[in-house]
Amino acid sequence: MTTAANPAAEQPEAPEYPMSRASGCPFDPPPGLKAAQQEAPLTRVRLWDGRTTWLVTRYAEQRALLADPRISSDVTRPGYPSPAPVSGSRLSFILMDDPEHGRQRRMVAPPFTVKRVAAMRPAVQRIVDERIERLLAGPKPVDLVEEFALPVPSLVICELLGVPYADHDFFQDNSKTIIRRDAAPEERAAAMGALVGYLHDLLGAKRAEPREDLLSGLVERVDGGELTQQDAAEMGVLLLIAGHETTANMIALGTLALLENPDQLALLRDAEDESLVASAVEELLRYLNITHNGRRRVALEDIEIAGEVFRAGEGVIVPNDIGNRDPEVFADPDRLDITRDARRHVAFGFGVHQCLGQPLARLELQVVYGTLYRRLPGLRLATDRDRIPFKHDGSVYGVHELPVTW
């Protein structure tokens, strides 16, 4: 067994994280992550501010750590490996620990249960069908991101939260700034402030005229003394950003991946069994895995794992994109195979912090992937693939635009 060396002494040898995706297949994790995984389950990497932290690249160790109560998600703790300077907001409960994390999460959990989400299928199908009708009635070629991939989840989350879709340009633009890696701290803080202020105003409107939506439910919590108005506004921002950005990128990037794997696209397009559509969603979540900042944690006490010891106060990064390409768990992991059982993936994380909205994301992707390619059977790229701009500048990976025709 070895122990952690002095981080300052290791700093010159540690590679910088995040690692570049400039080379290799745009659907694959960075080559540096694959090399690290092949060499050892744990290694050291250097952060943007010069500190070093642990990087965990293999599936078994990732799941073990994400389920370990001895690591913290609290961004304000010393040693937390933040991907950027820490602003005043913790983006609600996702960067908190239990019991407060669990208390706040339970307040917004009911609309995201499997049963409640399943009841939304007709509404999601209606939204998808309407956007496809707009595509069919409009000019070609078209940017699938702007005209379909972004509107669909935005409309769904607006309906669930009670946010006016007419404000989509405002919240989409500010969301993009918040998740852009190269945004200056003051830009990110201004965008967050704008969204929090917007949610404050919406909560006030719900107080005056409550509806059957999640924000009206949060107002009841505030008025009952369970939450502050600031907490409720930050929870609204979290759900609004997470509810449209991630799914939008999965729709567009998943479509591109299928277009580049025409045998898999044909299987999905012609599927008569809905279970194959569900299987395709899980495989695309595994194969693409669009959250690329890694799950960030800090050790609360010494933790021994894979022959190493994380000391209390040391940071940990768990990049789920490379965990989902672990050949010990997924045979031939760099191949897209929608018939494989990929349900064990960690695209939504693991443990108490795994994604609250995963039932809704799965439903939206099932409806989209099960409808779009049937309705547009001749769907194809309207540009050269090497001209497609990938989101190397964001913590949520995807494409900035996807010109298509049919």
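The values are calculated or read from the model by the stated rules, or taken from the named source; none is laboratory data. Nothing here was measured: the structure is a model prediction, and the numbers come from that model. Neighbour counts run over all protein chains shown; Cβ positions are idealised from the backbone, glycine included. Calculation scope for accessible area: heavy atoms of the full protein, side chains included, ligands and nucleic acids excluded. Shrake-Rupley method; radii C 1.70, N 1.55, O 1.52, S 1.80 Å.
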- Item | Heavy-atom accessible area ranking, 1.4 Å probe, most first, across K176, K140, K115 | K115, K140, K176
- Message: Which one, N261, N293, N249, has the greatest fluctuation when you compute a Gaussian network model over the chain with C-alpha springs under 10 angstrom?
- Response: N261
- Which of S73, P18, L135 sits farthest toward the positive end of the charge dipole of the chain, with +1 on the Cβ of Lys and Arg and -1 on the Cβ of Asp and Glu? L135
- Task: Apply the Debye scattering formula to region 235-332, with a single equal point scatterer on each alpha-carbon and no solvent, then give log10 I(q)/I(0) at q = 0.16, 0.19 Å⁻¹.
- Result: -0.88, -1.05
- Item | Rounded accessible area per residue of the chain, 1.4 Å, Å² | 42 Å²
- May I ask you to give the percent of accessible area on the chain that is carbon plus sulfur, with a probe radius of 1.4 Å? 52 percent
- Message: Please state the shape class of region 12-134: rounded when a/c is under 1.5, otherwise prolate if a/b exceeds b/c and oblate if not, all from the C-alpha gyration tensor.
- Response: oblate
- Considering only DSSP beta bridges whose two residues both sit in the chain, what percent are antiparallel, to the nearest 5? 90 percent
- Note on the structure: Reduced to Cα centres, the span from region 183-216 to region 232-270 in Å works out to 24 Å
- Query: How much accessible area does E100 have with a 1.4 Å probe, in Å² rounded to the nearest 10?
  - Reply: 60 Å²
- Message: From Cα pairs below 8 angstrom and at least 6 apart in sequence, can you work out the relative contact order of the chain, rounded to a whole percent?
- Response: 25 percent
- Query: Hey, can you list the DSSP H helices of the chain whose Cα span along the axis is 30 Å or longer and whose average Kyte-Doolittle score is at least 0.5?
  - Reply: 229-259
- Taking the Cβ of A331 as the centre, find all other residues whose Cβ is under 13 Å away and add up their charges (Lys, Arg: +1; Asp, Glu: -1). -2
- Message: What does the extension gain come out to for D74 and E226, with contour length at 0.36 nm per residue minus their alpha carbon separation?
- Response: 52.6 nm
- Given a Förster distance of 25 angstrom, what is the FRET efficiency for T113 paired with E159, based on the Cβ-Cβ distance and rounded to 0.05? 0.90
- Query: How do E159, E61 rank by accessible surface area computed with a 1.4 Å probe, from largest to smallest?
  - Reply: E159, E61
- Can you give me the Cα centroid spacing of region 38-52 and region 56-71 in angstrom? 16 Å
- Rank P31, P99, P185 by mean-square fluctuation in a GNM of the chain with C-alpha springs under 10 angstrom and give only the top-ranked residue. P99
- Message: What does the charge count around Q264 come to, taking other residues whose C-beta lies under 12 Å from its C-beta (Lys +1, Arg +1, Asp -1, Glu -1)?
- Response: -2
- Could you tell me which of rounded, prolate or oblate describes region 69-210, using a ≥ b ≥ c as the square roots of the eigenvalues of the alpha-carbon gyration tensor, with rounded for a/c under 1.5 and, failing that, prolate when a/b is larger than b/c and oblate otherwise? prolate
- Distance from region 381-399 to region 132-177 (C-alpha centre basis), Å: 18 Å
- First select every other residue whose beta carbon is under 11 angstrom from the beta carbon of R221; then total the charges, Lys and Arg +1, Asp and Glu -1. -2
- Task: State to the nearest 20 debye the size of the charge dipole of the chain about its Cα centre, where the only charges are +1 on K and R beta carbons and -1 on D and E beta carbons.
- Result: 260 debye
- Of the listed links K34/K115; K34/K176; K140/K206; K140/K176; K34/K140, those spanning more than 32 angstrom between alpha carbons are K34/K115; K140/K206; K34/K140
- Query: Quick one: ranking T228, T52 by accessible area, 1.4 Å probe, largest first, what do you get?
  - Reply: T228, T52
- Item | Efficiency of FRET between A208 and A306 - r from beta-carbon atoms, R0 45 angstrom, step 0.05 | 0.20
- Note on the structure: Here the equivalent ellipsoid of the chain, derived from its Cα gyration tensor, has semi-axes (largest first, whole Å) of 32, 28, 19
